[in-house]
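First the structure, in the form of structure tokens, and then the observations on it.
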């Protein structure tokens with residue numbers, strides 16, 4: 001989100017990312033409508049393999065359709081219908097677009113005369129071959145071919161269909177031509193042309209244009225799922241979080257196989273710190289991906305894995321998050337139907353991988369500090385390995401950053417890969433690019449005469465840029481300016497950007513402590529511990545704390561181990577304390593407010609931490625103290641002794657299905 005793209009994107013994800021618009025409406029409705037037409041001229045004989053193959057394909061029975069098509073081609077290698085159905089089975093049923101493209105090309109050759117027009121009686125199959133070639137070329141990102149096939153369809157069969165040009169022209173960076181094509185589509189007065197043209201403008205112009213698409217879809221009573229999703233993510237880009245949630249929830253009630261609004265909901269809830277709801281949405285997202293056609297999975301699966309990895313990391317499961325993001329990187333989505341580029345989506349996943357590996361390294365360093373000597377050396381070695389791999393992941397992000405992808409201006413950016421990660425994650429790019437390099441860039445972006453990308457308010461863009469600048473100042477070690485810049489950014493950011501605001505609070509808290517501003521530091525640290533305590537681990541920050549007097553010797557020894565870990569900075573003047581409370585090891589804030597506790601039963605579940613009970617208790621305490629905080633509606637506010645302690649853990653079953661092991 002800190003890298004506002006010129007088209008709707010998820011809050012990964014967006015943000016994701018550069019996650020952006022789903023499949024162009026033009027290429028979804030056009031071929032589907034053509035194939036569904038009843039056969040008339042040139043229809044194969046009733047009961048033949050070709051006729052039955054056509055019927056199976058129209059009914060979505062692609063395994064049977066392929067079997068019948070191959071049988072028909074074995075009998076007659078020059079069967080255009082057989083090639084078309086085989087192509088459909090490969091494309092829609094199996095997601096094997098390159099092989100499907102070859103079948104469609106053979107079908108075109110079989111139905112076309114040397115002059116480039118259909119053979120007598122073959123018009124229907126010739127037209128369908130052109131439609132499917134256009135569709136498959138678009139899926140593969142071969143947009144010049146897509147335009148050429150669309151031009152032939154328009155010249156031979158339909159004087160309209162100008163909207164089919166908008167998406168490929170936009171992806172090729174030919175923005176003015178794309179706008180001209182959209183204008184021609186709107187001028188026809190045809191409802192489908194209007195929706196297709198407006199869909200392209202949605203990708204170019206953001207929120208107002210996406211709302212116009214939704215209004216047109218409702219007016220003509222077209223399926224609204226995709227338009228709802230695009231309007232929602234553009235609303236979030238415009239800072240309209242409540243509207244985005246409402247539209248996404250409505251989109252889930254009218255599902256469209258080309259979009260997965262659950263993914264955008266999961267990213268939205270994660271950004272807002274609503275982790276329980278994010279986990280539930282991500283679970284529904286994963287189920288939707290599994291149910292989607294193979295063709296759709298090839299450009300949605302990695303995005304879903306990325307979103308799962310986000311939620312798993314925030315929920316305190318970095319090991320499972322690493323598995324998910326690793327598979328997203330191994331099998332990246334095709335980027336043809338998203339306004340972002342393949343380089344940008346890979347960079348986004350690599351940025352998340354870097355954050356996960358650095359978190360795992362911090363966890364390993366914690367274990368090395370509190371566990372016995374038998375665990376220390378392996379943990380230190382493993383932590384070093386994770387940091388090395390994190391460095392390598394950062395190298396995969398660097399080309400996008402050096403190409404200008406951290407921030408988009410209002411100029412055409414189709415040729416510039418944009419890093420559009422979730423706002424709370426995108427600040428990690430500041431360390432990769434370098435604080436000294438980011439600050440002048442931010443100043444330049446703030447004063448660009450072109451202003452923010454279309455659909456995004458100027459003040460909202462300035463707020464996200466202020467967050468970038470604050471991160472750069474804090475990383476540079478300029479503590480007084482860190483507090484000033486952090487306060488300014490937090491004051492201007494939307495209240496819904498909880499994780500981003502908490503991240504800045506953590507940086508400011510550490511700076512205030514170094515400056516000796518104890519009360520200010522304590523207040524900021526308490527906010528972090530209340531909203532997202534895992535941020536301290538992800539950022540590698542330490543909480544100033546002291547031992548709490550009293551308690552049995554075992555608890556005192558466990559507290560000493562905890563205070564010697566990387567998560568704490570031992571200081572007698574610290575406002576936080578670690579000590580015993582009712583046979584539990586607990587973290588206390590000012591006024592003896594209880595923040596988190598670990599019990600001997602929790603310690604029993606700790607493995608690989610030596611035999612000393614105090615070592616296992618210390619490790620269990622670190623897990624509890626920096627586990628995620630759930631929403632108030634999901635908190636358990638009572639304990640056996642009546643102390644109000646928030647339940648900080650997301651139940652493992654709530655995270656099941658987010659990133660199951662391969663083959664599960």
Exercise for the section: Select from the range 117-151 the residues that are over 35 Å from the mean Cα position of the chain (by Cα), surrounded by fewer than 18 Cβ atoms within 10 Å (Cβ to Cβ) and assigned to a helix (DSSP H, G or I) and list them in ascending order. Expected result: 123
Problem - Single unsatisfied condition, residue 46 versus (1) surrounded by 14 or more Cβ atoms within 10 Å (Cβ to Cβ); (2) out of contact with any helix residue (DSSP H, G or I) (no Cβ under 7 Å at 6 or more places or on another chain) - result: (1)
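Does residue 513 satisfy being farther than 20 Å from residue 272 by Cβ and in contact with a strand residue (DSSP E or B) (Cβ under 6 Å, 6 or more places away or on another chain)? Full working, then the answer.
Details: farther than 20 Å from residue 272 by Cβ: yes; in contact with a strand residue (DSSP E or B) (Cβ under 6 Å, 6 or more places away or on another chain): yes.
Here the answer is yes, as residue 513 does meet what is asked.
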Problem - Test result for residue 552, touching a strand residue (DSSP E or B) at 6+ places or on another chain (Cβ under 9 Å) and farther than 30 Å from residue 242 by Cβ - result: yes
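Can you spot a residue in the range 606-620 that is touching a strand residue (DSSP E or B) at 6+ places or on another chain (Cβ under 6 Å) and either assigned to a loop (DSSP other than H, G, I, E, B) or over 14 Å from residue 370 (Cβ atoms) (or both)?
no
Does residue 637 satisfy being farther than 21 Å from residue 522 by Cα and at pLDDT 85 or above?
Values: farther than 21 Å from residue 522 by Cα: yes; at pLDDT 85 or above: no.
In short, no.
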Exercise for the section: Could you tell me whether residue 101 is part of a helix (DSSP H, G or I), touching a helix residue (DSSP H, G or I) at 6+ places or on another chain (Cβ under 6 Å) and under 20 Å from residue 164 (Cα atoms)? Expected result: yes
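Quick grid of which residues meet (1) at pLDDT 90 or above; (2) within 20 Å of residue 200 (Cβ to Cβ); (3) in the same structural domain as residue 100 (by TED's automatic domain parsing):
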| site | (1), (2), (3) |
| --- | --- |
| 2 | no, no, no |
| 43 | no, no, yes |
| 58 | yes, no, yes |
| 64 | yes, no, yes |
| 78 | yes, no, yes |
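Counting only residues that are modelled with pLDDT of 90 or more and over 21 Å from residue 137 (Cβ atoms), give me the helices (runs of 4 or more DSSP H) lying completely in the range 156-205 with at least 2 of them.
Working: elements: 166-171, 175-187, 191-205.
Qualifying helices (runs of 4 or more DSSP H): 175-187, 191-205.
Only one residue in 307, 252 is at pLDDT 90 or above and surrounded by 24 or more Cβ atoms within 10 Å (Cβ to Cβ), so which one is that?
On the way: 252 fails: surrounded by 24 or more Cβ atoms within 10 Å (Cβ to Cβ).
Being at pLDDT 90 or above and surrounded by 24 or more Cβ atoms within 10 Å (Cβ to Cβ) holds for just one of 307, 252, which is 307.
Select, from 542, 510, the only residue that is out of contact with any helix residue (DSSP H, G or I) (no Cβ under 6 Å at 6 or more places or on another chain) and over 30 Å from residue 373 (Cβ atoms). Can you show your working first?
Details: 542 fails: over 30 Å from residue 373 (Cβ atoms).
So the residue among 542, 510 that is out of contact with any helix residue (DSSP H, G or I) (no Cβ under 6 Å at 6 or more places or on another chain) and over 30 Å from residue 373 (Cβ atoms) is 510.
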Exercise for the section: May I ask you to list pairs of residues, at least six apart or on different chains, whose Cβ atoms are under 6 Å apart, with the first in the range 165-182 being crowded, with 24+ Cβ neighbours inside 10 Å and the second being outside any helix (DSSP H, G or I)? Expected result: 167/24
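The values are calculated or read from the model by the stated rules, or taken from the named source; none is laboratory data. Keep in mind the model is a prediction, meaning the values are calculated, not measured. Every residue, glycine among them, receives a Cβ derived from its backbone with ideal geometry; neighbour counts consider all protein chains shown.
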